[in-house]
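A quick write-up on the structure given underneath.
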Amino acid sequence: MRALLFAFARLFTTGFAMAGFAMAGFFMISAAKAELVIEITRGADDALPIAIVPFGGPQFADNIASIVSADLERSGRFRPLPDNALGARPTHGGDVLYSEWKNVSANHLLVGSVRQGTDGRHEIRYELFSLDRQTRLLGESLTVASAQWRDAAHFVADKVFEAITGVRGDFSTRILYVNVFPKNGKRTYRLELADADGQRPVTILESPEPILSPGWSPDGRKVAYVSFESGRPAIFMQNIASQERQKLASFSGLNGAPAWSPDGRKLALTLSRDGNPEIYLMDIESRALTRLTNHPGIDTEPRWAPDSKSLVFTSDRGGSAQIYRLSLADLAVKRLTFEGNYNARADISPDGRYLALVHRQRGQQFQIALQDVQSGVLTTLTQTPLDESPSFSPNGLSLVYATRRGAYGELAIVSVDGRSRVRLPARLGEVREPSWSPFLRP
């Protein structure tokens, strides 16, 4: 019986292991070749049309406009017009004549240009206009190194998104994930991170043994994960820029599901050091442990509430896998999910309003669902049968998750209203265990 329970705990911790402007320091890590491919499978019917004119200047200037366009379209909130629908081609605000755009079915217009300096850096200018109100909404000049033009493009997309929607854009963020691919006839595991559009992947760790449950520190400078490189699970913390890593937990039994506290000083984690999988807190500096749960059921997959006052976790203490809340003030536990016979691997939205979770209503259909924390109303967001590991974007508007297409694992993004979906298959190998970064500081 204990062996069965332990296997069940492993099942939770691996997420039911489905068979299967950025900081310069990031780019010091060896590059991988497993770029994620963006495929928009569903866009919102009421997406806002926007005209994005190719930027004037050097050859890559047009690529900046293309990246901005792709970012905005991927969000599901915007529908960039095709090039053949654009009439005039202004590159700065002084050339914008509203009369030339009155018959163009767009609410907004973005123009820009790039000028190369003598020091090898580039000045990027962009301006956003409301065609309905005939007003200039945004205008800015950026000076960046030649290697940072892609960062600048994501930055522009962030600013345009926020100016129109009032919500901070997340295009300059990154996604952490595990890539599994064959090497010398054996399965190899890479912990990788890439831009939010899947480009510029870099490798954090490569191992012949599984890597599980990666997660970001709140400042986006470190990651924690579970590695089986020694033949048994251990929890590591790694600095992204320096690659320095420390082993935090390697106790007898299960060491799994690390989750950073909002202040970055503690980890919530699952340990079976005392015989049963329980939730613990670890002070990262002192390594001191505090046991939080004490129940014969399996408690795992902790996640912090944004206010640091509670955790949510997965437990079978009620007879099936469900989500519970643990108050850190008095260690009181309350069940949160009741619909369906399986709810696990929860993430909490940045505003604390929603839970994203792996939900099974019946049979073997595991899908991503969203539950309102206050009302308890649960909405299924995906229709694919084997979905896992949901992770909120830092602005709370989207979720990245792992799914399967045929025999291969891939990532996907769905908006929290379910109106837009994007596939992110890897060019090399299969990908799983995604974690969306916080907002990154320049």
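The numbers here are math on the coordinates, done by the rules we state, and not lab data. Just so it is clear, the model here is predicted, and its values are computed rather than measured. Here the Cβ positions follow ideal geometry from the backbone for every residue, glycine too, while neighbour counts run over all protein chains shown.
Structure above, values below:
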{"read-out": "Selection of trypsin sites (Lys or Arg not before Pro), the range 133-189, meeting DSSP coil and at most 12 other Cβ within 10 Å", "value": "R133"}
{"read-out": "Label-point separation, D330 to R405 (7 Å along Cα→Cβ), nm", "value": "5.0"}
{"read-out": "Charge-dipole axis of the range 47-165 as Lys and Arg at +1 and Asp and Glu at -1 on Cβ define it, positive-most pick from T135, I52, L110", "value": "T135"}
{"read-out": "Contour excess over end-to-end distance, with Cα ends at R419 and D372 and 0.36 nm allotted per residue", "value": "15.2 nm"}
{"read-out": "The range 104-190: proportion of alpha-carbon pairs further apart than 17 angstrom, %", "value": "62"}
{"read-out": "Backbone HN-Hα couplings from phi across the range 281-288 [Karplus 6.51/-1.76/1.60, Hz, Gly and Pro as x]", "value": "10, 10, 6, 5, 5, 8, 6, 5"}
{"read-out": "3J(HN,Hα) from dihedral phi, the range 403-417, Karplus parametrisation 6.51/-1.76/1.60, rounded to Hz, x for glycine, proline", "value": "8, 10, 10, x, 8, 10, x, 8, 9, 8, 10, 10, 6, 5, 8"}
{"read-out": "In nm, spacing of pseudo-spin labels at A147 and E39 (7 Å Cα→C-beta vector)", "value": "3.3"}
{"read-out": "Radius 11 Å from Cβ of A88, net charge of other residues (Lys, Arg +1; Asp, Glu -1)", "value": "-1"}
{"read-out": "In the range 44-129, the GluC sites (Glu not before Pro) that fall in loop regions by DSSP, at most 12 other Cβ within 10 Å", "value": "none"}
{"read-out": "Amide H partners (placed H, <5 Å) of G57, local residues excluded", "value": "V114"}
{"read-out": "Bins of 10 Å, starting at 0 and running to the largest distance - Cα pair percent for the chain", "value": "4, 21, 30, 24, 13, 6, 2, 0"}
{"read-out": "Lys, Arg +1 and Asp, Glu -1 on Cβ, resulting dipole of the chain about Cα centre, debye, nearest 20", "value": "960"}
{"read-out": "Debye equation applied to the C-alpha atoms of the range 321-442, log10 I(q)/I(0) at 0.12, 0.17, 0.23 Å⁻¹", "value": "-0.44, -0.85, -1.37"}
{"read-out": "Restricting the range 390-435 to trypsin sites (Lys or Arg not before Pro) in coil, as DSSP defines it, with at most 12 other Cβ within 10 Å", "value": "R427"}
{"read-out": "Projected label distance in nm at E339 and T290, using a 7 Å step from Cα toward the beta-carbon", "value": "3.4"}
{"read-out": "Estimated FRET transfer efficiency when R0 is 45 angstrom, pair T188-S99 (beta carbons, to 0.05)", "value": "0.15"}
{"read-out": "CD proxy at 222 nm, helix term only [per DSSP H run n ≥ 4: -39500 (n - 2.57); per residue of the chain; nearest 500]", "value": "-3000 deg cm²/dmol"}
{"read-out": "Longest to shortest principal axis, alpha-carbon extents of the range 47-165, angstrom", "value": "42, 29, 24"}
{"read-out": "Relative exposure of R89, R77, judged by other C-beta atoms within 10 Å (fewest first)", "value": "R89, R77"}
